[in-house]
Structures are given as structure tokens and as C-alpha cells.
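Trainee: Here it is: the structure, laid out below.
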Amino acid sequence: MDVGAWCGHCGESFRLAEMVDGGFDGRCPRCGFDLAPGYLPVAAAAVHDVLTAASALESAAGRLHDVAPRLHVDGRKLNADLGAALGES
Ligand SMILES: [Zn+2]
């Protein structure tokens, strides 16, 4: 799963994975703005966790669909809940 992100400073979009390719420095891959000043280790761990969780979700959903095709996870609600957890809305 390709987790997209955008910078609140320059407004440019990028793949969240771009922030960890070559080592996480907390900076926007487009403009270099420090997105987590003073919280680099916490932000690094959280970004890695988000990427790991997205990958795990994709894998688990695929497995579930394979073995229980009549069980439908409510993607619309999940999406809304994820949006809330991500501070959107
Ligand atoms: Zn930026």
C-alpha cells in the first residue's frame, strides 16, 4: 500500500515512504522543512509504524478476502475512522 502524505509548509505531496528512504531526517522531501522539530526519534518510529501498519492491513485484508469472500469489512467506515485518527476532518 502506497501511503501518501503532504507537507503543511509547501503543500507538496509525496509518498510517506520517501521520508524513510535513505534515513528519516524528519524533513519534507520536497522543500526540506523540518516537519517534527524536537521530536525526530518519536516521529521516525511513528512513520515506520504507520508504514508497517498499512502494509499489515493490506496483507490481512487480502487474506481475509481470500478465505471469507462473503465477509465484507466496511471500507467506508474504516476510511472515515482512519481519517479521524490521522487528524483530518
Ligand atoms: Zn514541504
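Trainee: Looking only at the stretch 20-46, which residues are closer than 18 Å to L86 by Cα and either out of contact with any Asp or Glu (no Cβ under 8 Å at 6 or more places or on another chain) or charged (D, E, K, R) (or both)?
Mentor: L35, A36, Y39, V42, A43, A44, A45, A46
Trainee: Still on this model: So, in the stretch 1-21, how many residues would count as being away from the ligand (no atom under 14 Å from the Cβ) and under 20 Å from V42 (Cβ atoms)?
Mentor: Of the residues in that region, 4 qualify.
Trainee: Continuing with the same structure: Condition test on P29, is it assigned to a loop (DSSP other than H, G, I, E, B), within 15 Å of the ligand (Cβ to nearest atom) and either at pLDDT 95 or above or out of contact with any strand residue (DSSP E or B) (no Cβ under 7 Å at 6 or more places or on another chain) (or both)?
Mentor: For P29, the condition - assigned to a loop (DSSP other than H, G, I, E, B), within 15 Å of the ligand (Cβ to nearest atom) and either at pLDDT 95 or above or out of contact with any strand residue (DSSP E or B) (no Cβ under 7 Å at 6 or more places or on another chain) (or both) - is met.
Trainee: Additional query: For F24, state whether it is of a type in the set (F, W, Y) and either assigned to a loop (DSSP other than H, G, I, E, B) or in contact with a helix residue (DSSP H, G or I) (Cβ under 7 Å, 6 or more places away or on another chain) (or both).
Mentor: Yes, satisfied.
Trainee: I'm trying to understand the selection: among the residues of the stretch 33-75, which are in contact (Cβ under 8 Å) with a residue 12 or more places away in the chain, farther than 26 Å from H9 by Cα, in a helix (DSSP H, G or I) and not charged (D, E, K, R)?
Mentor: Correct list: S55, L57, A61.
The values are calculated or read from the model by the stated rules, or taken from the named source; none is laboratory data. Because the structure is predicted, anything quoted here is derived from the model rather than measured. In this analysis, Cβ positions are derived from the backbone assuming ideal geometry, glycine residues included, and neighbour counts consider all displayed protein chains.
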